[in-house]
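The values are calculated or read from the model by the stated rules, or taken from the named source; none is laboratory data. All values reported here derive from a predicted model rather than from experimental measurement. Neighbour counts run over all protein chains shown; Cβ positions are idealised from the backbone, glycine included. With ligands, DNA and RNA removed, areas are computed over all heavy atoms of the protein, side chains included. Shrake-Rupley method; radii C 1.70, N 1.55, O 1.52, S 1.80 Å.
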Amino acid sequence: MSGDIVAVWEVALSDGVYRIEFEHGTTTGKRVIYINGKEVFRKDWMFKLVGKEPFSVGSTEVKAAISIEAVTGLSYEYTLEVNGKSLQTFRDNRSRTTKTWLMKLDGVDTRVVLEKDTMDVWCNGQKMETMGEFADDGTETHFTVGDHDCCIKAISSGKKRKGIVHVLLVDGTRASAQAE
Ligand SMILES: *[C@@H]1O[C@H](CO)[C@@H](O)[C@H](O)[C@H]1NC(C)=O
């Protein structure tokens, strides 16, 4: 990769965490976008030095765009939009609408993501087949990872402000949640 990388962002999606790198040549107008080190977009020459470059991220093709703005003199500012929102707004919304657990299972780094509005579950980039059940204290969403029985319990916290709490059990043991 060249030394023209001007900005790097990390975007956590349900199917994985993506590292986005942007290369901008401020004399040639060159624009290159890398996702997890793989080139996904390249223009070697461009008269226009500012503007917006749309692209998509991940297996669900989430819409993103890099904005190039001129600030003072010959310096530029680069911002990433995801789903038409600033990265921060996108992250804030995701932290409300999803929950993520990270763990090692059979020696493998495992990332489980729950989309709370649909109760869809993702594990290491794969959307899981789940089975929902009602229990005494809430609902249970069952799925398996390898030989492991996994269950996400949705339990009322009893507190209005916290609402429903989601807990992941792997073979009956509680996994720890992760802020991304
Ligand atoms: C917030 O997340 C939900 C669930 O993924 C999505 O449907 C909604 O469009 C998002 N809202 C914003 C403002 O990004």
Scanning the stretch 81-104 for residues that are more than 27 Å from residue 31 (Cβ to Cβ) and near the ligand (Cβ under 9 Å from one of its atoms), which turns out surrounded by the most Cβ atoms within 10 Å (Cβ to Cβ)? 98
Specify the residue that is least open to solvent (accessible area, probe 1.4 Å); the eligible residues are those in the stretch 40-66 that are charged (D, E, K, R) and either modelled with pLDDT under 95 or under 19 Å from residue 30 (Cα atoms) (or both). 53
Residues in the stretch 154-173: is at least one touching a residue at least 60 places away in the same chain (Cβ under 8 Å), assigned to a strand (DSSP E or B) and either in the same structural domain as residue 25 (by TED's automatic domain parsing) or open to solvent by 30 Å² or more (accessible area, probe 1.4 Å) (or both)? no
Which condition number in (1) within 16 Å of the ligand (Cβ to nearest atom); (2) under 17 Å from the mean Cα position of the chain (by Cα); (3) more than 30 Å from residue 49 (Cβ to Cβ) is the one that residue 109 fails? (1)
I'd like the residue in the stretch 29-39 that is under 22 Å from the mean Cα position of the chain (by Cα) and surrounded by 12 or more Cβ atoms within 10 Å (Cβ to Cβ) and, out of all such residues, is farthest from residue 13 (Cα to Cα). 32
Would you confirm whether or not the stretch 71-80 contains a residue that is within 15 Å of the ligand (Cβ to nearest atom) and modelled with pLDDT of 95 or more? yes
Criterion first (outside the structural domain of residue 60 (by TED's automatic domain parsing), open to solvent by 40 Å² or more (accessible area, probe 1.4 Å) and outside any loop (DSSP other than H, G, I, E, B)) does residue 134 satisfy it? yes
